[in-house]
Structures are given as structure tokens and as C-alpha cells.
Amino acid sequence: MMKLRFVLALWASKLAMLYYHLRGQDMNDMPGLLAVKLCPEFLRLIRKPPLVIAITGTNGKTTTSAIVNNMLRERGLRTSFNSWGANLSAGYAVNLLRGVNLFNRCTKVDASVLEADELTLRDTMSRIRPGYVIVSNVFKDSLRRNAHPENIFNRIQAALETLSPDTVLVLNANDPISSRLGTPEQKKIFYAMDDLVPDPAENMVRDIAVCPLCGEDIAYDYRLYRSLGRYHCVSCSFGMPEPAYRAVRFAPEDGVLTVRESDGAETEYPLISDTLFNAFNVLSAVTLFREMGIEPDFIRDFLSRQKVTDIRETCVRYNGIDYYAYAAKAQNVSAASTVFDYMRREPSAKDVVLLLDEVQDRHHATETLTWLYETDYEFLAAPNIRRVIVGGHMYLNHKLRLLLAGVPEDRIFAVEDEADIPALVQTEGIEKVYVLYEIDYTSKAKRMRDAIVEKAKEVRS
């Protein structure tokens with residue numbers, strides 16, 4: 001019976017994929033949703049390519065997955081990849097469907113790259129059984145889904161315990177939470193960054209407060225951002241694992257990250273952006289590539305041609321000003337705070353536009369506000385941020401939070417109608433404009449960014 005259900009699901013979902021392809025909607029999860037509805041064991045029964053790589057964690061999944069996929073293609077492999085961020089069962093099913101024919105023979109791809117949702121990992125990866133798993137970090141996330149880091153750790157750990165001892169884990173040694181993942185039998189490759197960040201920001205929320213082994217305090221020899229750094233328990237043996245790949249120089253001004261391997265060899269790799277969190281994404285990808293046997297020169301040349309995915313960051317330039325659409329993730333405490341910290345650190349004089357209203361909130365009588373008070377709006381009080389402009393139905397909530405964070409009221413411009421935002425952006429004395437947006441608003445954010453540019457053109461003419 002199960003075999004019959006699988007065949008029906010395979011053929012039906014293949015037909016659905018053809019339908020959406022003819023409509024120009026290849027980035028659509030519906031064929032995958034149909035597959036797992038018709039056959040709950042679809043992800044287990046569908047044939048996988050020889051190489052399956054899963055990338056999970058709170059932040060950094062999308063960017064790292066794109067780098068990994070691009071590298072495999074550069075090496076001549078045919079890949080399937082859920083490039084639009086479809087990181088649940090339906091997205092995985094579409095990804096794997098691209099590799100098989102109607103007889104469930106995997107003849108069309110050599111590798112699958114899966115951006116994997118950390119909350120549902122056990123129910124999916126236990127069926128897919130990837131050969132490599134990268135875990136970027138575990139931070140406090142959305143109150144609706146992933147608010148408790150220990151819960152997310154337990155979910156990921158339960159998933160990894162279902163995988164083969166041959167599974168290779170690529171783990172962030174700087175993270176006191178995710179570095180503990182995996183079973184004793186699984187191979188763990190650690191990467192880390194040295195003390196390369198002056199004046200790390202203090203966050204309102206601590207992702208980990210006490211030692212997970214004995215409950216005593218955790219001390220830091222140095223900290224990079226949030227809970228990442230070199231740490232140790234004041235009472236027991238818990239501490240940062242020794243990394244096989246260590247970043248010994250982070251030079252965003254030169255666009256390079258120098259990585260030292262366990263044998264002492266050092267290589268300068270190009271950065272894909274000047275942000276610390278993307279430096280970690282590059283470091284995790286370099287670690288994977290080196291473990292796969294890819295030569296440093298090849299990796300260096302490859303990275304020199306990479307950039308942050310358009311889902312996360314795009315830029316246009318007009319009249320000497322850079323206008324960015326830049327993802328910040330509404331209701332994700334760590335992602336939004338990290339981006340706000342970057343706004344503080346990035347030295348240019350700038351205006352910052354907030355489009356952080358959650359899509360679902362527009363359809364509910366009540367809204368989740370607690371994330372505003374756990375997110376570090378204080379970083380937006382930096383003097384290089386000339387104006388903070390916020391629009392949308394939660395505009396007064398954002399304004400109140402900005403005031404409580406110490407942002408001067410004469411630098412806050414809050415309007416309910418987002419169409420009024422372009423006229424509020426200042427160009428005199430400004431080097432950059434950032435439109436920070438909830439990731440479900442990618443197209444809307446680009447339209448807003450472009451409207452701001454058009455308004456600047458009108459003013460100049």
C-alpha cells in the first residue's frame with residue numbers, strides 16, 4: 001500500500017511541477033506539499049543523490065546554502081537547491097523531486113543542498129539522512145516558534161541522533177550552544193574566530209546564561225557578538241572546543257578573512273560582505289569545502305565572485321548615495337539586533353527605514369510586541385544614523401520603542417502610510433540609505449528602495 005501511495009505521489013507531484021513550470025512558477029512548494037500529503041513517507045522513499053548537504057541554525061542558513069550550492073556547481077556537479085528559502089517538508093520534496101525520474105531513479109542531479117528549518121529537523125532529516133550537516137548557530141528567535149534556544153538545541157540534537165555515525169557535522173566552536181551538538185560517533189569539524197572584534201555590543205537578551213553541564217556561570221575570554229566567543233565554565237570542564245579552522249584575521253576594509261588550518265597553513269579568503277555574521281557564513285562554508293578536499297586556491301577564486309544573495313541584500317547607487325534593501329527579520333530577536341548592530345558599526349552617515357511589520361499580524365486583531373523589547377533598538381541611537389523612518393500599522397509601537405532606546409525624537413519619523421516614507425528620507429549629507437525589511441517583504445522592500453531613489457531624482461531635478 002505504501003509503495004502504491006508513493007508512486008501516485010511521485011507521478012502526481014511531477015505533473016504538478018510541470019504545470020507550475022509552464023506557468024513560470026518553478027519556485028513553488030505546491031508540488032512538494034502534494035507529494036507529502038499523498039504519501040507521508042515521501043521524503044524517506046524518494047531516491048537521494050550521492051551527496052546531500054543540510055544547512056541549519058538560527059541565522060545564516062540562506063546565505064551559506066547559496067554559497068555551498070554555487071560551489072558544487074562550480075565543481076561541475078548538477079545540483080538541486082531550494083534557493084527561495086523553502087526550508088520545510090514541501091520545499092525538500094520539490095528539491096528532491098528535481099533529481100528523480102518517474103521511476104524514482106536519481107539520474108538528474110549529483111547533489112542536493114537543503115536549507116533546513118531547525119524546528120522541524122527531526123521529522124525531515126531523519127528521513128532524508130544527509131551526509132553533511134552545517135549548524136551555523138543557535139540563538140533566541142521568534143517568540144511564535146523558536147524563542148527558547150535550549151528547545152531548539154534539543155530539536156536539532158534529536159534529529160542528529162537519528163543520523164548515521166558517518167554523518168559529518170560542521171559546527172561553530174564559538175557558539176556555546178550549538179557546539180555541543182551531535183553524537184560521540186559522528187565526526188565533528190569545528191570552526192571558530194579569534195578575538196577580532198573590538199567593542200562587542202552588549203545585547204538585551206542572553207542566549208545562554210549558565211553552564212549547560214553544571215549550572216554555574218559562563219565566563220568569556222573574548223566575545224564577538226551575542227553569545228559567540230571564547231567561553232569557559234568557571235567550575236567545570238565546559239569550554240570552547242578546539243577548532244580545526246580558525247579565522248585569525250577579519251579585515252572587512254580589505255575584504256578578506258584569513259583562515260588558519262590545524263596544520264598551521266593560512267589562506268586569505270575573500271569576504272562576500274563587510275559584516276561579521278557573513279564572515280561566519282564564509283568560514284563555515286570554507287570549513288566544509290576543505291573537508292571535502294577542495295583546494296584553497298579554488299575556494300579563494302570562487303569566493304571572489306560571490307555576493308550576498310538578493311533575498312538578503314541588494315543595492316543601487318544614485319548621485320553618490322548607496323540605497324540598500326537589507327533583510328532584518330521581524331520578530332527574530334537575534335537577527336534584527338545583529339543588523340541594528342551593523343547599522344551602528346558601519347561608519348557611513350545614513351538614514352534607516354524600518355519595514356519590520358510581520359505579514360501575519362495584518363490579519364490578526366492582536367500583535368506580538370514583546371520582540372520589540374528584546375531587540376536592541378538601542379543600537380539605532382548611534383550618531384551616524386541621522387534618521388530612523390518607520391511606517392506601517394505598527395508605526396507607533398516602533399516609535400515608542402525607539403524613544404525608550406534613547407533615539408532622539410527629532411531623529412524619528414513615524415508614519416502609518418508607508419507611501420509617505422520616500423519623502424522623509426534625507427539626502428543632504430547622507431552616504432547610504434538602508435531599507436530594513438521583514439524577509440517576506442523582499443519585493444515590497446525593493447519597491448520602497450526604488451521609490452526613495454525616484455523621490456531623490458525628483459528633488460534633484
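Derivation of every value follows stated rules applied to the coordinates shown; laboratory data play no part. Keep in mind that what you see is a predicted model, and the values were worked out from it rather than measured. Cβ placement follows ideal geometry from the backbone for every residue including glycine, while neighbour counts extend to all protein chains displayed.
Listed from fewest to most Cβ neighbours within 10 Å, the set R401, R78 follows the order R78, R401.
Over the residues of the chain, the helix contribution to mean residue ellipticity at 222 nm works out to -9500 deg cm²/dmol, using -39500 (n - 2.57) for each DSSP H run of at least 4.
Note that segment 405-451, at 37 °C in a medium of 0.692 mPa s, gets a Stokes-Einstein diffusion coefficient of 266 µm²/s from its Kirkwood radius over C-alpha pairs. Cross-link reach is defined here as a Cα-Cα straight distance under 21 Å, omitting same-chain residues fewer than 8 places apart; for K432 the lysines meeting it are K307, K329, K350, K444, K446, K455, K457. Placing unit charges on the Cβ atoms only, positive for Lys and Arg and negative for Asp and Glu, gives segment 240-369 a dipole magnitude near 180 debye about its Cα centre.
Among the GluC sites (Glu not before Pro) in segment 195-278, those located in a DSSP loop and surrounded by at most 12 other Cβ atoms within 10 Å of their own Cβ are E202, E253. The H on the amide N of A247, modeled in the peptide plane, is under 5 Å from the matching H of A192, M193, D194, R260, each at least 5 residues off or on a different chain. So if I average 1/r over every pair of distinct C-alpha atoms in segment 218-359 and take the inverse, what Kirkwood radius in Å does that give? One over the average 1/r among Cα pairs gives 17.4 Å for segment 218-359.
Here the chain yields Rg over Rh of 0.97, to two decimals, using C-alpha coordinates and the Kirkwood radius. Restricting the calculation to Cα atoms, every distinct pair contributes to the Kirkwood radius of segment 313-460, found to be 15.1 Å.
Counted over all Cα-Cα pairs of segment 28-179, pairs farther apart than 25 Å make up 24 percent.
Count Lys and Arg as plus one, Asp and Glu as minus one, and take only other residues whose Cβ is under 12 Å from that of L181; the net charge is then 0. Kirkwood's formula applied to the C-alpha pairs of segment 154-308 gives a hydrodynamic radius of 16.5 angstrom. Near L114, the amide H atoms lying under 5 Å from its own belong to I53, A54, I55; only residues 5 or more places off or on other chains count, and H is placed 1.01 Å from N.
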